[in-house]
Amino acid sequence: MTGAPPPLLIFQVGPSRFAADAADVERIDPARAGPRDLVEASCLGAPSAARCELVVRGAASALAVDLVLGIREPAPDDLRALPELAAACLASSAVRGLVLLDGTPTPVIDLPTLVCELRPAGSAPEPGEPHHA
Amino acid sequence: MRESRELNPRRRPAAKPRRGAASRAPDHASLVAALQALGEGRYADVRLDMPERGPGREVALALQAAVERVQADLAAQARYADVVREGVSEAIDALVKLVVQGDLSGDLRLSVGDASLAPLVSGIGQIVHTLKRFVTEMREAALRLASSSEQVLAAATHSERSTTQQAGAIHETTATMEELKGASQQIAENAQMVATIAQRALSQTHQGESSIKSFMESMEKVRHNATEVDDAIGKLSRRVERIGTVVEVIDEIADRSDLLALNAALEGAKAGEAGRGFSIVAAEMRRLAENVMESTKEIKNLITEIREATHAAKEASDGNKRMAAEGEQLGAAAMGQVGGILSGIQETSDASRVIHLATQQQRTATEQVVQSMGEIEEVTRQAQSGSKQATAAAAELSKLAERLAELVKRFKVD
């Protein structure tokens with residue numbers, strides 16, 4: 001990662017906090033705001049209350065989360081690359097790195113990749129979406 | 001008699017003529033003196049000169065003869081008197097001897113032959129006969145007296161013993177009556193005390209009755225207030241629910257405001273440096289929304305607490321209503337029981353008054369009885385003293401009867 005880090009949207013699924021590039025979120029909707037593809041369970045876990053839905057930019061899908069904690073603009077030093085061993089162990093490629101929030105490492109999630117990985121097999125990924133096996 | 005002895009012509013010859021007077025007639029003075037001496041019974045002083053002849057001599061002789069006759073008669077009377085005196089002495093001696101010896105069994109035999117003493121002898125015989133009859137009757141009377149005196153003594157002794165026992169019994173009765181009087185006094189005092197206590201208990205029970213009435217009124221008020229509280233709690237609960245609904249709306253609005261603020265912040269972040277001011281406003285809005293949500297959360301907590309408190313108050317109110325209803329039931333039961341207690345205490349008070357009055361009458365009667373018993377005891381004491389005196393008198397009478405019998409025994413009548 002080089003340059004100023006982008007603003008990160010901090011959200012919570014279950015007991016865990018995650019971060020995502022704010023630019024990947026088209027908007028934040030309340031729960032059950034409308035009919036669309038809703039990712040309720042993922043490698044991030046399953047939300048307990050699912051109070052909000054993060055509409056992923058360009059994916060026409062939304063990720064159900066329990067809570068949106070806000071937007072942070074981390075310092076460059078707060079961003080960390082994912083260790084190779086950890087990246088090799090992960091089944092999902094949606095986890096792009098770590099960010100230190102108040103000293104706590106928080107996974108940075110690539111939301112388009114995550115919703116793409118969860119799309120049913122055979123459905124073609126949209127252009128620009130990351131591919132993963 | 002003595003005069004007759006002096007006139008005895010054998011011892012003192014009367015009318016002896018003086019020397020030298022025979023030749024002449026007795027003068028008138030000497031005759032008068034002789035007749036006066038004769039009339040006065042001084043036969044020895046009858047001195048008359050005996051003339052030798054003439055009528056004076058006849059007078060002197062006649063006078064002398066008369067003097068001699070008188071003297072002879074006097075001598076005869078003297079002898080007769082001696083005979084009578086001897087007969088009387090003999091009769092009296094015989095009578096005295098008979099009386100002294102006490103032998104009245106035989107007939108009195110006197111040798112008095114003079115007929116003039118026959119009445120005396122007859123009288124003495126009658127005296128002896130009368131004495132014999134008296135002695136016989138006295139003996140019988142003495143025997144009867146001894147027997148009667150013994151009976152009187154026995155009766156007096158028995159009476160004394162009975163009187164003594166009676167006095168003892170009366171004394172014990174008097175003491176018992178004294179104790180009874182004291183007991184009556186004690187009973188009267190206790191009855192008075194019971195009456196006082198019963199009156200006090202009656203007053204207190206009346207107060208208790210008033211208290212129970214007040215209690216029941218209070219219970220009714222409590223029940224009424226509990227109902228009002230219940231209604232108020234219901235209203236409060238409804239208001240709280242309404243507040244909860246409003247808070248839910250506010251919370252939802254805040255939540256959406258928060259979401260909107262988040263989206264605004266998101267857009268601001270996407271806009272980069274140009275959207276920084278927008279992001280600041282969004283952050284402020286989000287902070288406000290969070291504050292609202294925090295406040296609504298507190299309100300919800302408060303509502304929850306109010307609900308719990310309202311529920312507890314509702315339960316307490318229901319409990320109060322139940323307790324008030326039970327209190328009213330208990331008060332009614334207590335009122336009925338107090339009514340019974342009042343009736344019982346009233347009866348006790350009346351009975352204690354009756355007992356007090358009766359014991360006072362009993363005490364008065366007992367005092368009268370004690371007084372009467374005292375008088376009876378005094379009379380009995382006097383009777384006892386009299387009985388002792390009667391016993392002593394009977395004993396003395398018995399002794400006298402024995403003595404009389406012994407004395408009468410001395411007279412032999414059979």
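Averaged over the residues of B:258-264, the number of partner chain Cβ atoms lying within 10 Å of the residue Cβ comes to 5. Given in Å, the Rg to one decimal and the Dmax to the nearest whole number for the Cα atoms of region A:20-102 are 14.1, 40.
Ordering B:Leu400, B:Ala72, A:Ala81 by Cα displacement along the dipole of the protein assembly as shown toward the positive end leaves B:Ala72 in first place; charges were set at the Cβ atoms of Lys, Arg (+1) and Asp, Glu (-1). Peptide A:25-31 has a mean of 4 when you count, residue by residue, the C-beta atoms of other protein chains within 10 Å of its C-beta. How much net charge surrounds B:Gly234 when only other residues with a Cβ under 11 Å from its Cβ are counted (Lys, Arg +1; Asp, Glu -1)? Once positives and negatives cancel, what remains is 0. Within the straight-line cut-off of under 13 Å between alpha carbons, the aspartates and glutamates reachable from B:Lys388 are B:Glu160, B:Glu396, sequence neighbours fewer than 8 places apart in one chain being disregarded. A Förster radius of 25 Å combined with the Cβ-Cβ distance from B:Arg353 to B:Glu217 puts the calculated FRET efficiency at roughly 0.15.
Each of B:Val84 and B:Met193 was given a label point 7 Å from its Cα along the Cα-to-Cβ line. The distance between the two points is 10.5 nm. Overall form of region B:165-272: prolate. Here a/c, set by the Cα gyration tensor axes a ≥ b ≥ c, is 1.5 or more, and a/b is the larger of a/b and b/c. Please state the shape class of the protein assembly as shown: rounded when a/c is under 1.5, otherwise prolate if a/b exceeds b/c and oblate if not, all from the C-alpha gyration tensor. In terms of gyration-tensor shape, prolate. Charged side chains reduced to their Cβ positions (Lys and Arg at +1, Asp and Glu at -1) give region B:27-128 a dipole of some 40 debye around its Cα centre.
Annotation: lysines with alpha-carbon distance below 28 angstrom to B:Lys235 (same-chain offsets under eight excluded): B:Lys221, B:Lys297, B:Lys300, B:Lys314, B:Lys321.
Remark: relative contact order (chain B) = 25 percent; criterion is Cα-Cα distance under 8 angstrom and separation of 6 or more residues. With an a/c value of 1.5 or above and a/b larger than b/c for the gyration tensor axes a ≥ b ≥ c computed over the alpha-carbon atoms, chain B is described as prolate.
Label reach from B:Asp114 (point 7 Å along Cα→C-beta): in region B:57-86, amide nitrogens under 16 Å belong to B:73-86.
For region B:204-250, the fraction of alpha-carbon pairs lying more than 13 Å apart is 69 percent, rounded to a whole number.
Label separation (B:Asp27 vs B:Ala392): 8.8 nm, computed from points 7 Å beyond Cα along the C-beta direction. With R₀ set to 45 Å, the beta-carbon distance separating A:Leu85 from A:Ala31 gives a calculated FRET efficiency near 0.80.
Neighbouring Cβ atoms from other chains, within 10 Å of the Cβ of residues in A:12-22, number 1 on average.
Considering all projection directions equally, how large on average is the shadow of the alpha-carbon convex hull of region A:1-61, in square nanometres? That works out to 4.7 nm². Coordinate range of the alpha-carbon atoms in region B:73-188 per principal axis, descending: 111, 29, 18 Å. Helical runs (DSSP H, four residues minimum) scored at -39500 (n - 2.57) apiece and divided by the length of chain A put the mean residue ellipticity at 222 nm at -2500 deg cm²/dmol. Projecting label points 7 angstrom from Cα along Cα→Cβ for B:Met335 and B:Glu228 puts them 2.2 nm apart.
Each part gets one Cα centre, and for region A:12-85 versus region B:262-332 those centres are 28 Å apart.
Helix B:28-39 sits at what angle to the longest principal axis of chain B, using alpha carbons and giving 0 to 90 degrees rounded to 10? For B:28-39 against chain B, the angle is about 40 degrees. Just checking the listed ones, B:Ala62, B:Ala191, B:Ala395: in the Gaussian network model of chain B with Cα springs under 10 Å, the one fluctuating most is B:Ala62.
Please give me the summed charge of the neighbours of B:Ser317: other residues whose Cβ is under 11 Å from its Cβ, Lys and Arg +1, Asp and Glu -1. Summing Lys and Arg as +1 and Asp and Glu as -1 gives -1. The alpha-carbon of B:Lys409 sits under 15 angstrom from the alpha-carbons of these aspartates and glutamates, leaving out residues fewer than 8 places away in its chain: B:Asp103, B:Glu137, B:Glu140.
Read-outs throughout are calculated quantities, based only on the coordinates presented, and are distinct from any laboratory measurement. Model, not experiment: these values are computed from the prediction. Heads up, the Cβs are rebuilt from the backbone with ideal geometry, glycines too, and the neighbour counts pull from every protein chain shown.
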